[in-house]
Amino acid sequence: MAYFTTRPETGRHFLHIPGPTNVPDRVLRALDNPPMDHRGPDFGVMMLQLFPKLQQLFQTTSPVIVYPGSGTGSWEAALVNTLSPGDRVLFCRTGQFAASWIEMAKKLQLNAEIIETDWRHAADIDAIGAALAADTAHSIKAVGVVHSETSTGCVTDIAAVRAAIDAARHPALLLVDTVSGIGALEYRHDEWGVDVTIAGSQKGMMMPPGLGFNAISAKALEASKSSTMPRAYWHWQPMLAINKNGYFPSTPATNLLYALDTGLDMLFAEGLENVFARHQRFAEATRRAVAAWGLETQCADPRAASGVVTAVRMPQGHSADALRRVILEKFDLSLGNGLGVMTDKVFRIAHLGHLSALQLVGVIGGVEMGMRAAGVPHREGGVQAAMGYLSGN
Ligand SMILES: Cc1ncc(COP(=O)(O)O)c(C=O)c1O
């Protein structure tokens, strides 16, 4: 069995779905070390230097929990540790990931209150503020927002959400999903007053899938003491108690932790500000290509346009999935599919993680050639537009 999609005759596979993303060779080599005794002395030493690096990434002085798990598990951990069955939780349904998180909350018997959007904009900050201001009894216990909505390519301004909560003088916890934002977009857990940050390893962190994260504020930790939601694997308390010494209550994903350590070193060596600027530059180049093709992005608000993924709307009557199939077969390039109501209507170009300008030009070239091959109406010149921008920036 070959566990890779590379076809020898076409060179390296281009993986441009919005996670998992390309894993640098250095990180792959870190994975390729023998597992160590996770109760032995070396492991504790490794973790005690790794936790502060995670805090640096999340921009927090509070604990960051690492689960063998994924973004979905981290959603659940955030909900079950801070809330109780029947609690009101205010969500903004900005896209398919927000929708899935809401469905999970309902399964956990939370009372999800939903602010709808057209899935082409960021969360509606005014509506969040109004809902909280109207809740004079303070029965809404938390606000759940997706920072980087990977299905639409729209990003919500989390500092503005915090400002709306504060303006309403409301004590609700702020739970933020930045599964596709962390390590790629500016993120400030402490400064933005986030209570639980939810993340996963397989996107901006340049790692394989398999780790989930919860960064936790002191207020969230306090809430977890009175929460009555049943919880076992995801329970913060036993995890935090033993993490203090660099250990885990159950077997951690040892090799993924080696990869995490190396991936974080690479991000810090580049400098987080440079990493964020690189993502914005590549996103702008991609959007210029889309505009040159005469196509529309799913995100209709340029201020909310994502640095990590651009969802492109297909011309009426053309199938995004058929286009992606042609691009994969002819050029060995994987693009993200449309999710939920956007199925077959958009394709997503991921430009996050381990990525160079030349690679991005290749991706845009693959899309342009694919549209020509598949008979999708478009103007030529997307590659030129991207190159023009990247060579000047
Ligand atoms: C914004 C967002 N939230 C949550 C998830 C779910 O994470 P996972 O698939 O790692 O469980 C994803 C996955 O792509 C995502 O992009």
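The values are calculated or read from the model by the stated rules, or taken from the named source; none is laboratory data. Every value quoted in this text rests on a predicted model; they were computed, and no experiment measured them. Every residue, glycine among them, receives a Cβ derived from its backbone with ideal geometry; neighbour counts consider all protein chains shown.
How many of the residues making up region 359-380 are of a type in the set (Asp, Glu) and part of a helix (DSSP H, G or I)?
Selection size over region 359-380: 1.
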Selected residue (criterion: farthest from the ligand (Cβ to nearest atom)) from residues of region 142-165 that are in contact with a strand residue (DSSP E or B) (Cβ under 7 Å, 6 or more places away or on another chain) and either of a type in the set (A, V, I, L, M, F, W, C) or not assigned by TED's automatic domain parsing to the domain that holds Gln109 (or both): Ile165
Output for region 115-174, where each listed residue is among the charged types (D, E, K, R), within 16 Å of Val196 (Cβ to Cβ) and within 21 Å of the chain's Cα centre (by Cα): Arg162
Filter pass, Ala112 being among the small types (Gly, Ala, Ser), closer than 30 Å to Met207 by Cβ and in contact with a helix residue (DSSP H, G or I) (Cβ under 9 Å, 6 or more places away or on another chain): no
Filter result (at positive phi and among the basic types (Lys, Arg)) within region 148-182: Arg169
Contacts under 6 angstrom Cβ, first residue in region 232-243 being in the same structural domain as Ser74 (by TED's automatic domain parsing) and in contact (Cβ under 8 Å) with a residue 24 or more places away in the chain, partner of a type in the set (A, V, I, L, M) and assigned to a helix (DSSP H, G or I), 6 or more apart: Trp234/Ala77; Trp234/Val80
Output for region 71-99, where each listed residue is within 16 Å of the ligand (Cβ to nearest atom) and either charged (D, E, K, R) or surrounded by fewer than 18 Cβ atoms within 10 Å (Cβ to Cβ) (or both): Thr72, Glu76, Arg93
Criterion violated by Thr150 - all others in (1) in contact with a Pro (Cβ under 6 Å, 6 or more places away or on another chain); (2) without any contact (Cβ under 8 Å) to a residue 40 or more places away in the chain satisfied: (2)
Among the candidates Val80, Val66, residue that is among the β-branched types (Val, Ile, Thr), in the same structural domain as Lys244 (by TED's automatic domain parsing) and touching a strand residue (DSSP E or B) at 6+ places or on another chain (Cβ under 7 Å): Val66
Lone qualifier among Asp195, Asp166 - being out of contact with any Asp or Glu (no Cβ under 7 Å at 6 or more places or on another chain), surrounded by fewer than 24 Cβ atoms within 10 Å (Cβ to Cβ) and over 20 Å from Ser306 (Cβ atoms): Asp166
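Rundown of residues vs (1) modelled with pLDDT under 95; (2) closer than 30 Å to Val376 by Cβ; (3) in contact with a helix residue (DSSP H, G or I) (Cβ under 9 Å, 6 or more places away or on another chain); (4) buried (at least 22 other Cβ atoms within 10 Å of the Cβ), yes/no style:
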{"site": "Ala223", "(1), (2), (3), (4)": "no, no, yes, no"}
{"site": "Trp234", "(1), (2), (3), (4)": "no, no, yes, no"}
{"site": "Phe268", "(1), (2), (3), (4)": "no, no, yes, no"}
{"site": "Arg287", "(1), (2), (3), (4)": "no, yes, yes, yes"}
{"site": "Arg303", "(1), (2), (3), (4)": "no, yes, no, no"}
{"site": "Met314", "(1), (2), (3), (4)": "no, yes, yes, yes"}
Which listed residue is within 19 Å of Ile125 (Cα to Cα), crowded, with 24+ Cβ neighbours inside 10 Å and of a type in the set (S, T, N, Q), from Ser180, Ser201, Ser148: Ser148
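Based on what the data block shows, is Ser139 away from the ligand (no atom under 11 Å from the Cβ), assigned by TED's automatic domain parsing to the domain that holds Gly95 and polar (S, T, N, Q)?
Yes; evaluated as a whole, the condition is true for this residue.
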Given (1) of a type outside the set (D, E, K, R); (2) away from the ligand (no atom under 15 Å from the Cβ); (3) in a strand (DSSP E or B), index of the condition Gly193 fails: (3)
Of all residues making up region 297-320, the number that are free of Cβ contacts under 8 Å to residues at least 24 places away in the same chain and farther than 17 Å from Thr150 by Cα: 2
